[in-house]
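Below: the structure, in structure tokens.
The values are calculated or read from the model by the stated rules, or taken from the named source; none is laboratory data. This structure is a prediction, so every number in the text was calculated from the model and none was measured. Here the Cβ positions follow ideal geometry from the backbone for every residue, glycine too, while neighbour counts run over all protein chains shown.
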Amino acid sequence: MNKKCFHISILFLSLILLFTCGRTTQAQTSSENIKATLILQFCENITWSKPLKDKISIGFYSENTALLNSLKSVEGKLKIQDKDFTIKQISKQSEMLDFNVVYYKKTETDLNSIFKTAQENSILLITDNSEEQIFVMINIIKVKDKLSFKVNMPNLTLSGMNVKPNLLLNGGSLVDIKEAYKKFENQIEDNRLKIEQSNENLNQKETLLAQKDEIIQQKENSIEQFKSEIDLNQKVYQKLQSDVLNKKNQISIKNKELNDKDNQLQNISQNISQNLLKLSELQTNIKSLKTESDTLKSVVKKSKIVLIEKDTYIESQKKSLYITLALIATLLLAGFALIRLFITKKNHAKELEDKVQIRTQELQLKTEQFLTLFNMAPVAICEMNFSRINEFIQEKQIQNAKAFYQLAIEEPDFLIECFNLRIFLSVNNAFIDLFKISSADEIRDLYNSLFDEEAVSDIINEFDFLFLKTKTQKKEIIRFDKNKQRLILQTNWIDISELPNTYSRILVTMVDITQIRAIEQELIKHQNYLELLVKERTSEIGALNEELNSQNEELYSTNELLEKINSEHKITNTKLNETLQELKNAQMNMIQSEKMASLGILTAGIAHEINNPLNFIQTGIYALEECFKDKDQLLENLEEIITITQHMNIGVTRATAIVKSLNSFSRRNKDKKVVCDIHQIIRNSLIILNHEIKDKCKIIEKYEQKPFAIEGFEENLHQVFINIINNSVQSISKNGKITIATAINESMLEISIADNGEGISEENLKKIFDPFFTTKDPGRGVGIGLSIVFKIIEEHNGKIKYSSELQKGTTVLLTLPIIQD
Amino acid sequence: MIENNPIKILYVDDEETNLLLFSLTFRKYYKIKTATSGIEGLSIIESEPDINLVITDMKMPQMNGIEFIEKIKELKKDLPCAILSGYDITEDIEGKVKTGFLVDYIMKPLSKVQIQLLVERTIKR
């Protein structure tokens, strides 16, 4: 009760204060004051869940400055819940958080968010005349000009604020939540309906939109088509434009041309006009000239008539003129011709005279030349005239030489007559000298005596020229010179008469060939003599030749004998060579067969030796396959698998050992001496011979422990041990023992190989190193194995010795030099 | 697979590796007995009468394959014997196969199929 009174008192006090303070604006201020008191009352009657600070802060989120002022006027004077309060203006929603109470009246901002903020932060929200019923806490309303308020209790409790029951005494009422929520639901329903309607509208609109979109698409397509058409048209337009431009250019060009042509035309027209003027001028001239010409024409006519008359007169005159002219011309010509003839004749005569002179001079020269030639010629020449003789002969009707000859024999006077009729024309100096006469005159007298009176034929041949048809004759004649010396003459008779068949001028050249003939005779004699000599000599040579031939035949026969012997020797030589080659071949074959025999042993052994390891691997694979078949038991089988693989490995190692021993057996450096490990060589040889050894005998090895080295040919040393050990194995039939021991003795290595085989007899011991000595059956070894071993040991500067006892065994002792450091 | 009446094979070879791997390979198919020498093999044959087939190597110390089979024929002339060897077949052995002294001569390395065929042939007889 005390509190109630206290509160009421405060209310009245506040009212009075407000009245006294703010009087100017009564109407307004009264409502504002009431609002302010209401607000203060609200603050008084609300309890916050959180404890308040010292001061209660009230936020004023409104434009109502009068209310703010009225509130501010009591700030500091009154207390709310025994605490001071502050009022501040709020401009933004975010400032709300600083206050405990917020008075809100705004038209623009969102009430919902403000309410939310207030609710979340436990701020008392006082709204003024809000239509909203749900999102309010305390809402001041006007009921019939009276200020009242509605309190939304649930919201306040939700906001963490409690309402004191005195609050409602101030004239408010509780918000009817049910109705409010009903209203709110109806609102929501309406809104939902509205939303549905609007959705339907939206759908319709969407369908419309879709339709419109389709239409738009279509329109767009059409637009694109149009665009493309437009482009095409544009292009066409451009083309046309360019065409137009071209045409324009062309037109301009043509215009220019036209202009030019116009100019030309103008020029031409000007010219034409000029010409026209000229023409007119000329026309006038012509007219004048025409009149003149007419006058002249008449004159001409007259003169023409006159001319015709004159013409006829002239013509008559012409004829007489022509005749006279012709006469004169002929006369002149004749005169000229005569004169010319005269002159030419004179000239000709002169020329002829000159020519004649020249010719006579020439003739003179020629005759002189001829005479000099004739006289100086080295050959005797004479010229004779036989014309009279010819006439005489013809008178006598002698037609050939035979008849002449007969007649000459029958009538000796005939010849004398002929001689007398002969005329000598000339003779040259040589002729005179030939016949040893003094002058040409003498010949005439003497010539006839120059014949051998006995030889009628000789005489006749002087005249046989007359019976020949030819103009020349060569013959040999015999004459005598003045000293009665016989001359043999080679004569040449030439007819040089001016007229044919007159024989008026015969040229006879004579060459003295008596000496030549004599020399000929002598030569012939000499020749004959020489021939005789030659014959004698040839007969002598023939005899000698026969002797030589016989000797030659003897030599040939001996030569043949020698050749025979030679060929026989050759045959024997080739035979020897062949036999030598055969021996060599046989030797090679034997070595080869020995090698083959040992190789046969080797290869059989090697094949078997490698087969076993292969078997290990193959059966190992089968065993592994069996293990892997059962997958469940794989782990249990693991141990087995490991043992299987180990055994397979054994196979691999054995095979590799064989191959290695083979490789060392056939080393590449066969030509060089290398450092050899004798123990390894022995082991290799044992491996190679393993298959032979294993079922027959035991091997015991006792090797020198100190280190040493031997220099030698590896392959050959292998061959040594293989041969020796093989022999030992072959001497054993069963349960044998071979002991191999090495020991150093001073600077030599002693190797002993001892077996307990069948042994070697004393006689054979001497022969074992002989080539081709063997106790085996033919085909099982040639017997050169130990001879080769002996050679190899020699090569290595070593020694080999065999000792044996039949049925007990054989021991081989090898010594080889050790390399000294 | 081993049925109620399993086939018993005696394999004789001086290499123990061969014996082991052979038995591992065929143990699921046949019952395998092994021996390292002819003498041991003969004692097994005397003690176990139900051996169906004897396979032996050729080259063994003391007694080779042929001698071993001769001795077997003295004891049981109907027991089939075969030789499994690394050596090539000779005329002598070919003759022995023809006469029936040997059922077969198989060359090493072993072929599983050959062994199986051999067994089939001997059992059918």
Next item on the list: For A:Asn263, indicate whether it is part of a helix (DSSP H, G or I) and surrounded by fewer than 11 Cβ atoms within 10 Å (Cβ to Cβ).
Entry: yes
Check: Somewhere in the range A:628-640, is a residue modelled with pLDDT of 90 or more and within 13 Å of chain B (Cβ to nearest Cβ)?
Finding: no
Note to self: B:Lys28 - would you say it is within 14 Å of chain A (Cβ to nearest Cβ), under 19 Å from A:Ala623 (Cβ atoms) and surrounded by fewer than 18 Cβ atoms within 10 Å (Cβ to Cβ)?
What the structure shows: yes
Notebook entry, point to check: Do we have A:Arg654 as within 11 Å of chain B (Cβ to nearest Cβ), of a type in the set (D, E, K, R) and in a helix (DSSP H, G or I) here?
Noted result: yes
Next item on the list: For residues that are of a type in the set (Val, Ile, Thr) and buried (at least 18 other Cβ atoms within 10 Å of the Cβ), scanning just the range B:68-92, find the one that is farthest from the other protein chains (Cβ to nearest Cβ).
Entry: B:Ile72
Checklist line | Any hit, the range A:405-413, residues being acidic (Asp, Glu), without any contact (Cβ under 8 Å) to a residue 24 or more places away in the chain and not in a helix (DSSP H, G or I) | finding: yes
Notebook entry, point to check: Can you name the number of the only condition in (1) touching a residue at least 40 places away in the same chain (Cβ under 8 Å); (2) facing chain A (nearest Cβ under 10 Å); (3) closer than 30 Å to A:Glu625 by Cα; (4) surrounded by fewer than 21 Cβ atoms within 10 Å (Cβ to Cβ) that B:Ile51 fails?
Noted result: (2)
Check: Which ones in the range A:792-821 are touching a helix residue (DSSP H, G or I) at 6+ places or on another chain (Cβ under 8 Å) and part of a loop (DSSP other than H, G, I, E, B)?
Finding: A:His796
Checklist line | Subset of the range A:34-60 that is β-branched (Val, Ile, Thr) and part of a helix (DSSP H, G or I) - its residue that is surrounded by the fewest Cβ atoms within 10 Å (Cβ to Cβ) | finding: A:Ile34
Notebook entry, point to check: Among (1) farther than 15 Å from A:Ala607 by Cα; (2) within 13 Å of chain B (Cβ to nearest Cβ); (3) more than 60 Å from the chain's Cα centre (by Cα), which single condition is A:Asn649 missing?
Noted result: (3)
Checklist line | Answer residue from the range B:1-25, given it is β-branched (Val, Ile, Thr) and in contact (Cβ under 8 Å) with a residue 60 or more places away in the chain and is farthest from the other protein chains (Cβ to nearest Cβ) among those | finding: B:Ile7
Margin query: Tell me yes or no: at least one residue of the range A:585-598 is away from chain B (no Cβ under 11 Å), under 30 Å from B:Asp14 (Cα atoms) and not in a helix (DSSP H, G or I).
Written below: no
Item checked: Filtered residues of the range A:610-627 (kept if of a type outside the set (S, T, N, Q) and within 7 Å of chain B (Cβ to nearest Cβ)) -> A:Leu614, A:Phe616, A:Gly620, A:Tyr622, A:Ala623, A:Glu626
Notebook entry, point to check: What are the residues in the range A:690-719 that are of a type in the set (Gly, Ala, Ser) and either surrounded by fewer than 16 Cβ atoms within 10 Å (Cβ to Cβ) or over 20 Å from A:Cys676 (Cβ atoms) (or both), if any?
Noted result: A:Ala709
Margin query: Being surrounded by fewer than 13 Cβ atoms within 10 Å (Cβ to Cβ) and either under 16 Å from A:Thr47 (Cβ atoms) or among the small types (Gly, Ala, Ser) (or both) is true for just one of A:Ser94, A:Ser148. Which residue is that?
Written below: A:Ser94
Margin query: If A:Gln234 satisfies all but one of (1) of a type outside the set (Phe, Trp, Tyr); (2) over 60 Å from the mean Cα position of the chain (by Cα); (3) surrounded by 12 or more Cβ atoms within 10 Å (Cβ to Cβ), what's the number of the condition it fails?
Written below: (2)
Note to self: I'd like to verify a number: residues in the range A:81-113 that are of a type outside the set (Val, Ile, Thr) and not in a loop (DSSP other than H, G, I, E, B), how many?
What the structure shows: 17
Notebook entry, point to check: Just one of B:Gly65, B:Gly95, B:Gly41 is away from chain A (no Cβ under 14 Å), under 30 Å from A:Ile606 (Cα atoms) and surrounded by 13 or more Cβ atoms within 10 Å (Cβ to Cβ); which is it?
Noted result: B:Gly41
Check: Do we find a residue being within 14 Å of chain B (Cβ to nearest Cβ), touching a helix residue (DSSP H, G or I) at 6+ places or on another chain (Cβ under 9 Å) and not charged (D, E, K, R) anywhere in the range A:660-683?
Finding: no
Check: Is it true that A:Lys116 is without any contact (Cβ under 8 Å) to a residue 24 or more places away in the chain and outside any strand (DSSP E or B)?
Finding: yes
Check: Given the conditions (1) surrounded by fewer than 19 Cβ atoms within 10 Å (Cβ to Cβ); (2) within 18 Å of A:Asp677 (Cα to Cα), and given that A:Leu765 satisfies all but one, which numbered condition is not satisfied?
Finding: (2)
Item checked: One residue from A:Asp481, A:Asp495, A:Asp458, A:Asp452 being modelled with pLDDT under 85, acidic (Asp, Glu) and buried (at least 16 other Cβ atoms within 10 Å of the Cβ) -> A:Asp481
